[in-house]
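These notes are about the structure you will find just below.
FYI, it's all coordinate maths here, none of it is from the lab. Given the structure is predicted, the values throughout are model-derived calculations rather than measurements. Here the Cβ is made from the backbone with ideal geometry for all residues, glycine too, and neighbour counts use every protein chain on show.
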Amino acid sequence: MIAQTPPPPYYAVIFTSIKAEDDNGYSEMAERMKELAQLQPGYLGIESAREETGITISYWKDLESIRHWKMNMEHLQAQRLGKEKWYAQYKLRVCLVERDYGFGI
C-alpha cells in the first residue's frame, strides 16, 4: 500500500537491508516495529518491500519526530538485534521530501 502523506515538506527515512542467514524472530519484530512506529508523534506512514534486498520507507513530520523514534526503547532493542543477528548489511538515509505527486491515489 502507498502511504497517504500530507503535502510536503516532510521527511522520509529509507532503510535498505540485506538479511543474514538467521532471521528467526525477524518477521515478528518487523511487524511490532511497524505497529509501534504508527503510535509515535509525527509519524505519517510507511511503505515496505522485500525480495533479496529489503526497503522500508517511513515518513515523518520533522527531524525531532525521527530522533524520538530512533531512541524508543523497543526500537533500540530491535536495532541491537538487527546488528547482532538479522542483517548482513544495512544503510539508513534521512531525506527531506520537497515534492510529491502520483496517479490513482
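Key figures for this structure:
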item: GluC sites (Glu not before Pro) restricted to DSSP loop in the stretch 1-89 with at most 11 other C-beta within 10 Å; result: GLU21, GLU51, GLU52
item: Length added when fully stretched, LYS83-LEU63, from 0.36 nm per residue minus Cα-Cα; result: 4.9 nm
item: Gained length - SER48 relative to ILE18, 0.36 nm times residue gap less alpha-carbon distance; result: 9.4 nm
item: For VAL97, distant residues with modelled amide H under 5 Å away; result: TYR10, TYR11, ALA12
item: Coil-residue chymotrypsin sites (Phe, Trp or Tyr not before Pro) of the stretch 43-105, DSSP, other Cβ within 10 Å capped at 10; result: TYR101, PHE103
item: Rg to Rh, two decimals, where the chain supplies the alpha carbon set and Rh follows Kirkwood; result: 0.97
item: For GLY45, distant residues with modelled amide H under 5 Å away; result: TYR59
item: Residue of ILE46, ILE18, ILE66 that the Gaussian network model of the chain assigns the largest fluctuation, springs spanning Cα pairs under 10 Å; result: ILE18
